[in-house]
1. Kindly list, by first and then second residue, each pair from a residue in segment 22-34 that is buried (at least 18 other Cβ atoms within 10 Å of the Cβ) to a residue that is in a strand (DSSP E or B) and among the charged types (D, E, K, R), limited to pairs with Cβ atoms under 8 Å and residues at least 6 apart or on different chains.
2. For segment 42-62, which positions are farther than 20 Å from Pro82 by Cα and surrounded by 15 or more Cβ atoms within 10 Å (Cβ to Cβ)?
3. Report whether or not Glu65 is surrounded by 10 or more Cβ atoms within 10 Å (Cβ to Cβ), of a type in the set (Asp, Glu) and more than 12 Å from the chain's Cα centre (by Cα).
4. Do you know which residues across segment 43-87 are over 13 Å from Leu32 (Cα atoms), modelled with pLDDT under 95 and among the small types (Gly, Ala, Ser)?
5. Checking Phe39 against (1) at pLDDT 95 or above; (2) surrounded by 11 or more Cβ atoms within 10 Å (Cβ to Cβ), only one condition comes out false. Which one?
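The values are calculated or read from the model by the stated rules, or taken from the named source; none is laboratory data. Source: prediction; values computed, not measured. Every residue, glycine among them, receives a Cβ derived from its backbone with ideal geometry; neighbour counts consider all protein chains shown.
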Amino acid sequence: MTSATLGASISAVEVTNISQHGFWVLLKEEELFLPFSEFPWFRDVAVGKILHVELPSPDHLYWPELDVDLAVDSIRHPERFPLVSRLGA
């Protein structure tokens, strides 16, 4: 008897690991690291809220429970997208 071949993952985006420094997102075949130093919105939130990520378009990630949306390019090249705080403005 031959076993059926396992299918491909049905999730287009998935958080694969979280550490004290940041977390990894698997986006199709690419794994991206989001360091908390570059993406501070995630630093002090519950794990479940980080794990709940959606892919509304091929180049856009969204965390609905945190109301955080990021262009994938901002993860690949955070130096091109400096954080700007509106506090004190």
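1. So the pair list comes out as Val25/Glu14; Val25/Glu31.
2. Of the residues in segment 42-62, the ones farther than 20 Å from Pro82 by Cα are 44-58.
Residues satisfying the conditions are Ile50, Val53, Leu55.
3. Working: surrounded by 10 or more Cβ atoms within 10 Å (Cβ to Cβ): yes; of a type in the set (Asp, Glu): yes; more than 12 Å from the chain's Cα centre (by Cα): yes.
Taking the combined requirement at face value, the residue satisfies it.
4. Ser57, Ser85
5. (1)
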